[in-house]
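Below: one structure, written as structure tokens.
The values are calculated or read from the model by the stated rules, or taken from the named source; none is laboratory data. As the structure is a computational prediction, the values presented were derived from the model and not from experiment. Virtual Cβ from ideal backbone geometry, glycine too; neighbours counted across all protein chains shown. Keep in mind that these areas ignore ligands, DNA and RNA; they rest on the heavy atoms of the full protein, side chains included. Shrake-Rupley method; radii C 1.70, N 1.55, O 1.52, S 1.80 Å.
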Amino acid sequence: MNLIFLGAPGAGKGTQAEVVSDALNIPQISTGNILREAAKNGTEYGLKAKAAMDAGALVSDDIVIGILKERIAEDDCKNGFILDGFPRTVPQAEALDNMNIRIDKVIEIHVPDETIKQRVSGRRVCQGCGASYHIEYKPTKVEGICDKCGDKTIVRKDDQPEVVLDRLATYHEKTAPLKDYYEKQGKLVTVIGQEEVADTSKLTLQAVGVEK
Ligand code: AP5
Ligand code: ZN
């Protein structure tokens, strides 16, 4: 099954994509994580991407489409994949359609902006493996230490309140039109992501058809 997770920054795409990835045993492909890793390694495109990410803007379509093409050509994507954070613009969605890949469903995780602002302030991410936590809703077992790899958890640079406002504006302007795009293709399913993480997971698994 090939799925897209769509939603505002901090809506919970990554959190739910991980749950579905485990349930269906298909990889979760987060363009945000790939870009952050490239920025950390100081690659040429990583450094270009970093400036846009830190400002709450989008990285250029060319860079992201190139990254995605390479990633979905890898072996582990043969039986399906979950796109977490791609496409984010109409040109990216068109590029995906032109790759001749059948998308089965587009899951939109819907959360009001006010909830997002509050939620993102509590997010912590692992500086080693990129795993995502929340100080209140999904805490690590030991404070400040990643459950998965033992490295330190930190606040993402683009989670500062001013940057979050810019990311939300970018979302409404550039990404929200994709709801219409996929509605017209009959693929859009909206999940209300305002409930607790476990409740949202149940709704998401139902939307994907894993749970009744
Ligand atoms: P990316 O990393 O994709 O960031 P984002 O879309 O802004 O999404 P987030 O990772 O912030 O949030 P999420 O929806 O995954 O939420 P999460 O599950 O973590 O992209 C970063 C940047 O990279 C972009 O700004 C852009 O510059 C660039 N980029 C990436 N892809 C691109 C593309 N295709 N084109 C161009 N540029 C691109 O949850 C958030 C927090 O809330 C967590 O702490 C979580 O534990 C908690 N939480 C989750 N669900 C719940 C719940 N139900 N109740 C309570 N808390 C919850
Ligand atoms: Zn980790």
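Computed values, structure above
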quantity: Residues of region 103-174: accessible area per residue with a 1.4 Å probe, Å²; calculated: 56 Å²
quantity: Where Rh is the Kirkwood radius over Cα pairs, Rg/Rh for region 70-175; calculated: 1.02
quantity: Of all accessible heavy-atom area on the chain, the percent that carbon and sulfur account for (1.4 Å); calculated: 50 percent
quantity: Where Cα atoms sit under 15 Å apart: lysine pairs in region 108-212 separated by 8 or more or lying on different chains; calculated: 5
quantity: Student exercise, the chain dipole from Lys, Arg, Asp, Glu Cβ charges, in Debye to nearest 20; calculated: 180 debye
quantity: Percent of Cα-Cα distances greater than 33 Å, calculated over the chain; calculated: 8 percent
quantity: GNM result for the chain, Cα springs below 10 Å: residue of Ala169, Ala17, Ala198 fluctuating most strongly; calculated: Ala198
quantity: Heavy-atom surface of region 33-82, accessible at 1.4 Å and reported per residue (Å²); calculated: 57 Å²
quantity: Cα-based shape type of region 26-92, given that a ≥ b ≥ c are square roots of the gyration tensor eigenvalues and the cut on a/c is 1.5; calculated: prolate
quantity: Sites Ala51 and Ala176, calculated FRET efficiency, Cβ-Cβ separation with R0 25 Å, nearest 0.05; calculated: 0.55
quantity: Alpha-carbon Debye profile of region 62-112, log10 I(q)/I(0) at 0.25, 0.31 Å⁻¹; calculated: -1.14, -1.54
quantity: Amide H contacts under 5 Å for Glu108, placed H, 5+ residues apart; calculated: Leu6, Val189, Thr190, Val191
quantity: Region 1-62: C-alpha gyration tensor shape, a/c 1.5 cut-off, then a/b vs b/c; calculated: prolate
quantity: Long-range HN-HN contacts of Ile145 with modeled amide H, under 5 Å; calculated: Thr153
